[in-house]
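The structure appears right after this line, and notes come after that.
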Amino acid sequence: MIDLYTWGTPNGRKVSVMLEEVGLPYHVHRVDISKGEQFKPEFVALNPNSKIPALMDPEGPGGKPISLFESGAILISLAEKTGKLISRDARTRYETLVWLMFQMGGVGPMFGQAHHFLRAAPEPIAYAIERYTKETRRLYSVLDARLAAVPYLAGDYSIADIATYPWVARHEWHKVALSDFPNVARWYGDIGARPAVQRGMAVPYA
Ligand SMILES: N[C@@H](CCC(=O)N[C@@H](CS)C(=O)NCC(=O)O)C(=O)O
């Protein structure tokens with residue numbers, strides 16, 4: 001069975017949502033990042049970058065075990081393993097990777113910085129709050145324009161949506177009203193109605 005090392009954050013939930021969507025059984029290992037468990041040697045052996053998520057698949061390529069970190073890479077590996085949520089058509093596949101990378105390089109890091117300066121910084125720093133909340137809203141505008149043209153980021157529902165949804169689920173944290181972005185709101189509602197997404201978003205279970 002797949003071992004998932006995770007915590008209740010957007011990057012972790014991308015992978016639990018994916019595992020629920022593709023129907024692969026998995027065992028959840030809680031790595032409490034608020035207690036520094038990501039720095040324990042046994043976890044660093046799985047991810048030298050000391051961040052969740054990490055995944056160990058006993059049946060990786062060639063039937064041999066594989067250990068993976070970086071949520072985007074994990075999503076691609078699970079999509080390729082199961083043949084689900086990424087297209088075999090090259091053009092659509094690259095479209096999916098474009099929007100997955102947009103999440104990995106833009107949405108995740110920028111929303112994350114907005115969360116840090118709005119909620120965790122020891123003192124309010126107006127410049128940082130302005131910089132990251134403005135960039136967050138700009139990224140929402142890009143998503144909204146895309147979702148005005150297509151139902152899901154790569155056309156059909158895919159790993160690009162699975163990567164982005166748990167970050168948009170934190171919209172109250174980065175002080176974005178989804179009503180300002182009606183196409184994102186429609187997409188968010190459609191994805192949130194999926195039972196697999198609801199199960200994956202509840203991981204790690206209390
Ligand atoms: N690019 C990485 C980012 C992972 C990441 O930032 N994980 C956070 C939780 S969402 C973490 O483990 N933080 C603990 C720390 O920074 O010490 C990925 O997508 O997997």
Mean Cβ neighbour count within 10 Å, used as a protection proxy, ranking 79-92, 161-174 highest first: 161-174, 79-92
Gaussian network model of the chain, springs between alpha carbon atoms under 10 Å - residue of PRO182, PRO53, PRO124 with greatest fluctuation: PRO124
Within a Gaussian network of the chain (alpha carbon springs, distance under 10 Å), most fluctuating of TYR140, TYR152, TYR127: TYR127
GNM top mover of ILE66, ILE129, ILE52 - the chain, alpha-carbon springs below 10 Å: ILE66
Whole-Å distance, taken between Cα centres, linking region 96-137 and region 66-89: 25 Å
Contact order normalised by residue count of the chain, Cα under 8 Å, 6+ apart, percent: 27 percent
Amide H contacts of ILE66 (H built 1.01 Å from N, under 5 Å, at least 5 apart or other chain): ASP57, GLU59, GLY60
Alpha-carbon Rg with Dmax, taken over the chain, Å: 16.9, 52
Region 25-84: equivalent-ellipsoid semi-axes (sqrt of 5 x gyration tensor eigenvalues, Cα, Å): 23, 12, 10
Fraction of antiparallel bridges per DSSP, the chain only, in percent to nearest 5: 65 percent
Region 1-114, relative contact order in percent, only Cα pairs under 8 angstrom and at least six apart counted: 24 percent
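For region 103-149, what value does the Rg/Rh ratio take when both radii are computed over Cα atoms and Rh is the Kirkwood radius, given to two decimals?
1.06
A short reminder: the numbers here are calculations on the coordinates, not readings from a lab. As the structure is a computational prediction, the values presented were derived from the model and not from experiment. Cβ sites come from the backbone with ideal geometry, for glycine too, and all protein chains shown count toward neighbours.
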